[in-house]
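What follows is one structure encoded as structure tokens, with my remarks underneath.
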Number of protein chains: 2
Amino acid sequence: MSICLQEIGTIHTPYSLASGAPYQPVSDNDPAQRQFYVELDPAYAAGLHRLDSYAYLYLLFYVDRLTKPCRMQISPPWTDGAVTVGLFASRSPARPNPIGLSVVRLLSVEGARIYTSPLDVFDNTPLLDIKPYIRDLDTKTDANYGWIDDLPDKEHLMLHILGIPHEF
Amino acid sequence: MSICLQEIGTIHTPYSLASGAPYQPVSDNDPAQRQFYVELDPAYAAGLHRLDSYAYLYLLFYVDRLTKPCRMQISPPWTDGAVTVGLFASRSPARPNPIGLSVVRLLSVEGARIYTSPLDVFDNTPLLDIKPYIRDLDTKTDANYGWIDDLPDKEHLMLHILGIPHEF
């Protein structure tokens, strides 16, 4: 089966392949700088009606600049090689289908542009879809940290996962 | 830009185009019946290592049997035409890129097969990706219901959204 998708817009961030991107969203970003936004193809702008009633969105995007090969077992970079997990037990971008998924806070919708909280993608990343993140349906309060729970340095690693800047 | 994806497995459910699927997962399903599972292509089975440490997963899939056209403004079927919202403010499957996203509870991993809680897709739906749902990163406890909050019959509609069977 051939599954072909189209770019419906572009995600803009301050990150480039040269400068690098953090492993997860940086939480100390100043929203007033409006550095993170989605530019939807104007042909789809009518599809944004009432999107601004949501606090959070899912952004689905195509990881178009992979810098590492897709391997079935990986060692997350922030574990210093101490742990190996299956690719599907990780959020590594190098996947058989490199579809990225981020939950972002919606700041404002202005025409076909949507300002969001930070996300860890390169500038000009192709957008595939926007979905509302719906309380109860998507908020699993009994979710866990999986294998991260078993790591001796879990509290420190969570700072990396959540993109919270900290002293090493 | 041409973005082509591949089927990496198949999602199995009791639902067919003929029988129909609920709008959202049915929550009174008996897990012992094991009717909902993902059959991953065995070539990727090594990628499941330690997936079973997670309580919840994201499944990304290709909506291969759309029964309605993609329109930028829609009226969700359970609102009886009382409300019109933009497509991207809805979870309608008829999207420019028909990528479905469901949060499911992981029940067990057995070889290349993953048993899950119910999800509202047809049997034999092509799987695109599996990602771990990670507490904190994905659990937004201050998420809202968006425009659903403004509906006069919100409590009833939430039963539909959450797939909870009820008297009409």
Checklist line | Label 7 Å beyond Cα on the Cβ vector: A:Gln6 copy-to-copy distances, nm | finding: 2.6
Checklist line | In order through segment A:114-122: 3J(HN,Hα) via Karplus (6.51 cos²θ - 1.76 cosθ + 1.60), integer Hz, x for Gly, Pro | finding: 10, 7, 9, 5, x, 9, 8, 10, 6
Notebook entry, point to check: In nm, to one decimal, how far is the modelled label at B:Arg34 from the one at B:Met1, with both set 7 Å along Cα→Cβ?
Noted result: 4.1
Note to self: Per-residue Cβ counts within 10 Å, from other chains only, averaged over A:146-153: what number is that?
What the structure shows: 4
Next item on the list: Quantify how strongly other chains surround peptide B:101-107 by giving the mean number of their Cβ atoms within 10 Å of each of its Cβ atoms.
Entry: 3
Item checked: Residue order, fewest to most beta carbons within 10 Å, for B:His156, B:His166, A:His49 -> B:His166, B:His156, A:His49
Item checked: Of A:Gly81, A:Gly20, A:Gly111, the one that fluctuates the most in a GNM where chain A has Cα springs shorter than 10 Å -> A:Gly81
Notebook entry, point to check: Any idea what the A:Ala55 label distances to the other copies are, label 7 Å down the Cα→Cβ vector, nm, shortest first?
Noted result: 1.9
Item checked: Nm distances between copies for B:Lys68, ranked from closest, using label points 7 Å along Cα→Cβ -> 4.2
Note to self: For Cα pairs less than 8 Å apart in space and 6+ apart in sequence, what is the mean separation divided by the residue count of chain B, i.e. the relative contact order in percent?
What the structure shows: 38
Margin query: Shape verdict for the protein assembly as shown, please, from the Cα gyration tensor: rounded (a/c under 1.5), prolate (a/b greater than b/c) or oblate.
Written below: rounded
Item checked: Nearest-20 debye value, the protein assembly as shown charge dipole, Cβ charges on Lys, Arg, Asp, Glu -> 600
Checklist line | Average beta-carbon neighbours from other chains, 10 Å sphere, peptide B:125-131 | finding: 5
Checklist line | Taking B:Glu110, B:Glu39 and counting other C-beta atoms within 10 Å, the order from fewest to most | finding: B:Glu110, B:Glu39
Notebook entry, point to check: Considering chain B as a Gaussian network with a 10 Å cut-off on Cα pairs, which listed residue, B:Leu119, B:Leu51, B:Leu40, attains the greatest mean-square fluctuation?
Noted result: B:Leu51
Check: Roughly how many whole Å is it from the C-alpha centroid of segment B:109-144 to that of segment B:26-84?
Finding: 7
Check: Is it possible to state the helix-based mean residue ellipticity at 222 nm for the protein assembly as shown, with each DSSP H run of 4+ residues giving -39500 (n - 2.57), the sum divided by total residues, to the nearest 500 deg cm²/dmol? What is it?
Finding: -1500 deg cm²/dmol
Note to self: How would B:Cys70, B:Cys4 line up from fewest to most surrounding beta-carbon atoms within 10 angstrom?
What the structure shows: B:Cys4, B:Cys70
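No value in this document is a laboratory result; all are computed from the given coordinates. Predicted, not measured: the structure shown is a model, and the values here were computed from it. Reconstructed Cβ throughout: ideal geometry from the backbone, glycine too, with neighbour counts over all protein chains shown.
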